[in-house]
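The values are calculated or read from the model by the stated rules, or taken from the named source; none is laboratory data. Every value quoted in this text rests on a predicted model; they were computed, and no experiment measured them. Note that each Cβ is placed from the backbone with ideal geometry, even for glycine, and that neighbours are counted across all protein chains shown.
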Amino acid sequence: MFPARVGLSTLLLFGAALLPAGAAGAQAKPAEPKPSAPSAQDCLGCHADKDLERSAPAPGRPTSLFVDAAALKASPHSRLECVGCHATATAPHDSPLPPVRCAACHDKARAALGEGMHGGTKAQARTPAPGCTSCHGTHAVRPAAAMSIDTCATCHAQQVQVYQGSVHGRSRQRGDLDAATCRSCHGAAHAVLGKSDPRSPTYHLSLPRTCAQCHADPELAKRHNIPIANVYQLYMDSIHGRAVSKSGLLVAANCSDCHGTHGIKPHTDPTSRVFPANIPGTCGACHAGVLAAYAQSVHGRALAKGVSTAPVCTDCHTAHQIRRVEGTLWQLDVIRECGSCHVESLRTYRDTFHGKVTALGFARIAKCADCHGAHTILPASDPASSVAPANIVATCRQCHPAATARFAEFHPHADPENKTKFPTLYYSYLVMTTLLIGTFAFFGLHTILWLPRSFVERFRRGRTRGEEDRS
Amino acid sequence: MSAAGRYYFRFNLYHRIIHGMVIVSFLGLAITGLPLKYAQTGWGAALSHALGGPFTTGYLHRFFAVITFTYFALHLGYIARLILIRQPGIFWGPDSMVPQPRDMAQLYRHVRYFLGLGPRPRFGRWAYWEKFDYWAVFWGVSIIGASGLLLWFPTFFARYMPGWVFNVAIIVHSDEALLAVGFIFTIHFFNGHLRPEKFPMDPVIFTGRVEEEEFRRDHPEEYEQLRAEGRLEARRADPPPPWMRNFSRVVGFSSLAIGIVLIWLIIMTALR
């Protein structure tokens with residue numbers, strides 16, 4: 001059963017070991033070998049030599065001419081004869097063979113590659129240029145499903161390295177098949193497009209929809225302990241989401257502007273762009289003026305000092321649901337947000353006309369930020385503060401144009417129960433309360449004593465003059 | 001000698017109009033003021049929104065405040081006129097509103113009567129609790145009115161007084177108003193209308209007329225004095241016509257109902 005044509009080449013022993021492989025090759029469909037065409041055994045007679053190398057280096061092509069017949073046998077191309085791809089091959093051949101044209105069979109893939117970035121002139125000008133073999137290999141050809149992220153890493157090493165440290169990469173490493181890989185965001189490799197191409201899934205205006213493939217699914221959020229399940233809806237209704245989806249603003253923040261791209265990390269990770277202490281920097285990438293003001297404020301300074309409870313942008317503006325600051329609902333929500341730390345100030349504010357009107361749902365009256373400022377907020381002890389003694393009258397005059405220094409002596413956060421700080425108010429309150437309790441105690445008792453007597457009186461009268469009250 | 005059907009005037013038209021203004025403005029101020037005081041409660045917010053929100057409610061509150069200042073001025077004018085015509089007994093005596101030693105004595109005897117330890121005191125034109133009602137309104141309008149004016153025109157008054165006065169004004173206005181509302185809707189309602197002898201209401205403040213039997217029973221000293229001095233006939237009145245009785249019932253019961261609902265809300269909020 002030993003086939004013929006042995007001894008053509010040098011390495012008989014290796015060739016003999018691999019000979020049985022040739023038998024199946026005869027049945028390969030795509031390219032019918034010509035009668036004169038060499039068989040696999042013929043080729044392997046030379047190419048089974050691991051040390052076989054090209055005599056002169058060819059740009060973009062491997063130096064080694066070794067063919068791993070076992071790997072070929074395990075690949076989807078196992079049924080192909082050598083000449084199925086190397087159509088012009090003879091055995092032996094003196095001159096180097098021309099590059100294999102994969103497109104002879106895979107014309108669709110070739111066409112797709114031409115539309116995408118990998119087939120573009122810019123990419124093709126690089127060395128090595130991304131061709132079929134760069135990703136799929138040669139004889140050990142791999143289908144897309146068998147490829148790993150390492151395939152992308154051959155060229156995009158830096159991005160892949162960053163990705164491996166991201167929440168997506170780490171989840172993948174733990175075996176989580178929900179987590180996004182390169183293709184989840186960038187699409188199939190052949191027609192892959194750059195982020196500046198409007199057709200790309202990573203295009204600025206398209207990215208939210210791309211992320212939403214996974215992050216609009218509440219079930220996924222539940223499975224992965226993602227706290228905000230309706231993040232996509234919140235974002236699309238936000239000022240950023242509307243600017244992106246309705247106005248097509250390229251400068252409006254999309255998901256990656258805040259969360260990053262390949263290196264997305266959970267907000268609990270101190271290196272995350274959305275870790276509380278890093279949020280001002282993240283927002284400040286666009287809102288530079290606000291960041292500068294915030295950094296000077298009492299809140300910004302506290303954050304810089306490492307106070308973890310200091311409010312950052314998202315505490316007032318929320319993360320995904322960011323609303324227009326002109327909106328009444330948001331303005332009233334912020335008052336409660338301030339009060340979540342400044343409990344006493346909110347309580348005393350609610351005792352005043354200002355606080356009662358806002359409690360009733362109307363914002364056209366002094367709210368926290370109207371007096372204290374928003375991003376520029378400073379303690380009254382700071383001469384630059386809007387509530388510092390030198391500036392308070394001007395602050396009041398925003399609403400009360402005729403306000404004077406004496407007018408500004410009104411205490412908008414007075415606490416009548418605080419005897420040491422507000423003695424006048426304390427005693428006013430005490431007198432009024434005493435008057436109230438005293439009056440009701442006296443007349444309450446008076447009424448309680450009178451009531452039974454009045455019943456007796458009515459009963460007695462009713463007996464003597466029955467019809468009287470109906471007169 | 002049947003007393004039924006014989007009526008005497010207790011309040012003249014001027015008194016009744018003034019009290020009508022008091023009712024309208026007092027209820028108006030209570031309805032427009034309480035939603036702000038109780039802004040944090042559900043009913044306070046609902047009432048405020050029903051009235052068009054705090055700003056509209058504020059305008060309505062000031063409108064009723066103007067009625068209050070008007071009747072207060074009219075009443076001061078009335079007293080000034082009595083002084084000018086040298087009417088005797090304005091500041092002392094049985095017809096005067098000024099508290100006098102006999103009022104204390106009658107209070108003492110009234111309490112003894114409550115306890116079954118003595119007869120009912122013989123009240124004159126004004127019983128001590130009626131004088132208290134009068135002075136409560138007089139005091140209340142002055143205090144609530146003055147503090148309200150301060151809060152109405154803060155920048156004007158800040159030219160003459162320090163800003164902390166407005167902090168005091170907020171407390172005084174709010175607490176004194178609560179006292180007024182609480183007093184009128186419980187004590188005054190009981191004394192004047194809801195106590196079993198008068199239940200469900202005493203229409204005298206609307207009709208101005210009191211029936212002879214009731215007059216003799218409630219104000220015996222005044223009745224006897226008028227008869228002794230021969231002035232009783234001058235106070236004779238025609239029986240209140242049906243329209244006046246109906247008017248009394250509609251206004252009276254409406255006012256009682258509004259007051260009782262408001263005080264019920266206040267008490268429920270306080271007990272919560």
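Things worth noting here:
- Candidate set: the range B:127-141, residues that are without any contact (Cβ under 8 Å) to a residue 40 or more places away in the chain and within 24 Å of A:Leu430 (Cβ to Cβ); chosen: the one nearest to the other protein chains (Cβ to nearest Cβ): B:Phe132
- Residue match in the range A:283-291 (condition: touching a Ser or Thr at 6+ places or on another chain (Cβ under 8 Å) and not in a helix (DSSP H, G or I)): no
- Among the residues making up the range A:411-430, those that are at the interface with chain B (Cβ under 9 Å from one of its Cβ atoms) and either over 20 Å from A:Gly355 (Cα atoms) or surrounded by fewer than 19 Cβ atoms within 10 Å (Cβ to Cβ) (or both) are A:His411, A:Thr424, A:Ser428.
- Residue match in the range B:11-29 (condition: within 14 Å of chain A (Cβ to nearest Cβ) and in a helix (DSSP H, G or I)): no
- Of all residues in the range A:419-464, those satisfying the criterion of being out of contact with any Phe, Trp or Tyr (no Cβ under 6 Å at 6 or more places or on another chain) and outside any helix (DSSP H, G or I) are A:Thr420, A:Lys421, A:Phe422.
- If you check A:Ser200, A:Ser184, A:Ser134 for being of a type in the set (Ser, Thr, Tyr), at negative phi and part of a loop (DSSP other than H, G, I, E, B), only one passes: A:Ser200.
- Residue in the range B:237-250 that is in contact (Cβ under 8 Å) with a residue 60 or more places away in the chain, among the charged types (D, E, K, R) and over 21 Å from B:His61 (Cβ atoms) present: yes
- B:Phe185 being crowded, with 21+ Cβ neighbours inside 10 Å and touching an Asp or Glu at 6+ places or on another chain (Cβ under 9 Å): no
- When A:Leu445, A:Leu360 are screened for being facing another protein chain (nearest Cβ under 10 Å), within 30 Å of B:Phe189 (Cβ to Cβ) and either surrounded by 19 or more Cβ atoms within 10 Å (Cβ to Cβ) or touching an Asp or Glu at 6+ places or on another chain (Cβ under 6 Å) (or both), only A:Leu360 passes.
- Among the residues of the range B:52-91, those that are crowded, with 16+ Cβ neighbours inside 10 Å and either touching a residue at least 24 places away in the same chain (Cβ under 8 Å) or charged (D, E, K, R) (or both) comprise B:Thr57, B:Gly58, B:Leu60, B:His61, B:Phe64, B:Ala65, B:Ile67, B:Thr68, B:Tyr71, B:Phe72, B:His75.
- Residue within the range B:145-155 that is surrounded by fewer than 18 Cβ atoms within 10 Å (Cβ to Cβ), more than 12 Å from every other protein chain (Cβ to nearest Cβ) and under 26 Å from B:Gln225 (Cβ atoms) present: no
- Verdict on A:Ser196 being touching a Phe, Trp or Tyr at 6+ places or on another chain (Cβ under 9 Å) and without any contact (Cβ under 8 Å) to a residue 24 or more places away in the chain: yes
For every residue, the table says whether it meets (1) more than 7 Å from chain A (Cβ to nearest Cβ); (2) more than 16 Å from B:Gly33 (Cα to Cα); (3) touching a Gly at 6+ places or on another chain (Cβ under 8 Å); (4) outside any helix (DSSP H, G or I).
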{"residue": "B:Asn167", "(1), (2), (3), (4)": "no, yes, no, no"}
{"residue": "B:Ile171", "(1), (2), (3), (4)": "no, no, no, no"}
{"residue": "B:Ala177", "(1), (2), (3), (4)": "yes, no, yes, no"}
{"residue": "B:Ile184", "(1), (2), (3), (4)": "yes, no, yes, no"}
{"residue": "B:Phe190", "(1), (2), (3), (4)": "no, yes, no, no"}
{"residue": "B:His193", "(1), (2), (3), (4)": "yes, yes, yes, no"}
{"residue": "B:Phe199", "(1), (2), (3), (4)": "yes, yes, no, yes"}
{"residue": "B:Val210", "(1), (2), (3), (4)": "yes, yes, no, yes"}
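- Enumeration of residues in the range B:234-272 that are part of a loop (DSSP other than H, G, I, E, B) and either buried (at least 16 other Cβ atoms within 10 Å of the Cβ) or β-branched (Val, Ile, Thr) (or both): B:Pro240
- Hey, B:Arg231 modelled with pLDDT under 95 and in a helix (DSSP H, G or I) or not: no
Conditions (1) over 30 Å from A:Tyr235 (Cα atoms); (2) touching a strand residue (DSSP E or B) at 6+ places or on another chain (Cβ under 9 Å); (3) not charged (D, E, K, R), marked per residue:
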| residue | (1), (2), (3) |
| --- | --- |
| A:Thr133 | yes, no, yes |
| A:Gln159 | no, no, yes |
| A:Gly165 | no, no, yes |
| A:Gly169 | no, no, yes |
| A:Arg174 | no, no, no |
| A:Thr181 | no, no, yes |
| A:Leu207 | no, no, yes |
| A:Thr210 | no, no, yes |
| A:Gln213 | no, no, yes |
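- Considering (1) more than 10 Å from chain B (Cβ to nearest Cβ); (2) of a type outside the set (Phe, Trp, Tyr); (3) in contact with a Pro (Cβ under 8 Å, 6 or more places away or on another chain), the lone condition that A:Lys367 does not fulfil carries the number (3).
Each row is one residue, and each column tells you yes or no for (1) within 22 Å of A:Leu177 (Cα to Cα); (2) basic (Lys, Arg); (3) crowded, with 16+ Cβ neighbours inside 10 Å.
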position: A:His215; (1), (2), (3): yes, no, yes
position: A:Ala229; (1), (2), (3): yes, no, yes
position: A:Tyr232; (1), (2), (3): yes, no, yes
position: A:Gly241; (1), (2), (3): no, no, yes
position: A:Val251; (1), (2), (3): no, no, no
position: A:Ser256; (1), (2), (3): yes, no, yes
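- Filtered by the rule that a residue be in a loop (DSSP other than H, G, I, E, B), β-branched (Val, Ile, Thr) and under 21 Å from B:Trp152 (Cα atoms), the range A:336-383 gives A:Thr352, A:Ile365.
Condition check ((1) touching a Lys or Arg at 6+ places or on another chain (Cβ under 6 Å); (2) part of a helix (DSSP H, G or I); (3) within 30 Å of A:Pro143 (Cα to Cα)) across all residues:
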{"position": "A:Ala189", "(1), (2), (3)": "no, no, yes"}
{"position": "A:Lys195", "(1), (2), (3)": "no, no, yes"}
{"position": "A:His204", "(1), (2), (3)": "no, no, no"}
{"position": "A:Tyr235", "(1), (2), (3)": "no, yes, no"}
{"position": "A:Ala253", "(1), (2), (3)": "no, no, no"}
{"position": "A:Asp257", "(1), (2), (3)": "no, yes, no"}
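- Residues satisfying the stated conditions in the range A:387-410, i.e. within 11 Å of chain B (Cβ to nearest Cβ) and either of a type in the set (A, V, I, L, M, F, W, C) or in contact (Cβ under 8 Å) with a residue 12 or more places away in the chain (or both): A:Ile392, A:Val393, A:Cys396, A:Cys399, A:Ala402, A:Ala403, A:Ala405, A:Phe407, A:Ala408, A:Phe410
- Restricting the range B:1-45 to residues that are among the hydroxyl-bearing types (Ser, Thr, Tyr) and closer than 16 Å to B:Gly145 by Cβ, the residue that is surrounded by the fewest Cβ atoms within 10 Å (Cβ to Cβ): B:Ser25
- A:Thr261 vs. criteria surrounded by fewer than 15 Cβ atoms within 10 Å (Cβ to Cβ) and not small (Gly, Ala, Ser): no
- Looking only at residues of the range A:338-351 that are free of Cβ contacts under 8 Å to residues at least 40 places away in the same chain and crowded, with 18+ Cβ neighbours inside 10 Å, we find that the one that is nearest to the other protein chains (Cβ to nearest Cβ) is A:Leu346.
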